[in-house]
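Just below is one structure, and these are the notes that go with it.
The values are calculated or read from the model by the stated rules, or taken from the named source; none is laboratory data. Source: prediction; values computed, not measured. Neighbour counts are summed over all protein chains in view; Cβ atoms, including those assigned to glycine, are modelled from backbone coordinates with ideal geometry.
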Amino acid sequence: MAGGYQVAPLARLVEQFERLPGIGHKSAQRLAYHVLGMSREQVQAFVDALLEAHDKIHYCKVCCNLTDQELCPICRDERRDNSVICVVEDPRDVAAMERTNEYNGTYHVLHGAISPLSDVGPDQLCIKELLARLHDGKVKEVIMATNPTVEGEATAMYISRLIKPLGIKVTRLAYGIPVGGDLEYADEVTLLRALEGRSEL
């Protein structure tokens, strides 16, 4: 490794941390040294948490959000309005919308957006699972809350074209959110205004 001698297990640990998104070499080194300073019990608890999350968390069978049970907490909540579905790209966007404390409908997580440049087509997203939820006549509105990016817009338009023939109202979040921004970084007030000002597609 560049920069002189480094203990092999430490180098491997740094390498693993570097694989995480947003972690550069210096941050990876800092994390690795932090782990070395932890007690064996703390390290074991960390390893156990990683394995448990990896093994037990899966997609909710209804909305495709992350859960460790058959249904996520929102789909299990009978107080939620099942006539409205808010479609988002990422599980983190659900958390962002929930922070508004105003939205009481349900969600559907696509796990990405259509992006031909990244070889992500409609079949790689949870779109068929969304369409399967729309045939019982209970859903009256689908809110497209994909990110205001080129990919997010393309995804919203693609899905709205599939839903329109079913006679279900399809709306799009208003643009309180900056174009090119991510939902998860928007503040609650901006999200609330975007939700209230949504327009039909």
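Of note:
- Checklist (1) part of a loop (DSSP other than H, G, I, E, B); (2) in contact (Cβ under 8 Å) with a residue 60 or more places away in the chain; (3) closer than 15 Å to Gly152 by Cβ applied to Gly112, failing item: (2)
- Cross-chain or 6+ apart pairs with Cβ under 7 Å, the range 144-155 first and touching a residue at least 60 places away in the same chain (Cβ under 8 Å), then small (Gly, Ala, Ser): Gly152/Ala113; Thr155/Ala113
- Check on Val84, surrounded by fewer than 16 Cβ atoms within 10 Å (Cβ to Cβ), aliphatic (A, V, I, L, M) and either at pLDDT 95 or above or outside any helix (DSSP H, G or I) (or both): no
- Pair list, Cβ under 8 Å, 6 or more apart: the range 12-40 residue in contact (Cβ under 8 Å) with a residue 12 or more places away in the chain, other residue hydrophobic (A, V, I, L, M, F, W, C) and in a loop (DSSP other than H, G, I, E, B): Phe17/Ile23; Ala28/Leu20; Leu31/Ile23
- Of all the criteria given as (1) more than 30 Å from Glu52 (Cβ to Cβ); (2) at pLDDT 95 or above, the one not satisfied by Gly176 is (2).
- Identity of the residue in the range 119-137, touching a residue at least 12 places away in the same chain (Cβ under 8 Å) and more than 19 Å from Pro91 (Cβ to Cβ), that ends up surrounded by the fewest Cβ atoms within 10 Å (Cβ to Cβ): His135
- Here is the figure for the range 61-92: residues that are within 23 Å of Tyr158 (Cα to Cα) and within 14 Å of the chain's Cα centre (by Cα) total 10.
- Candidates Val87, Val94, filtered to the one that is within 18 Å of Val139 (Cα to Cα) and in the same structural domain as Lys140 (by TED's automatic domain parsing): Val87
- The listed residue being surrounded by 16 or more Cβ atoms within 10 Å (Cβ to Cβ), among the polar types (S, T, N, Q) and in a loop (DSSP other than H, G, I, E, B), out of Thr106, Thr100: Thr100
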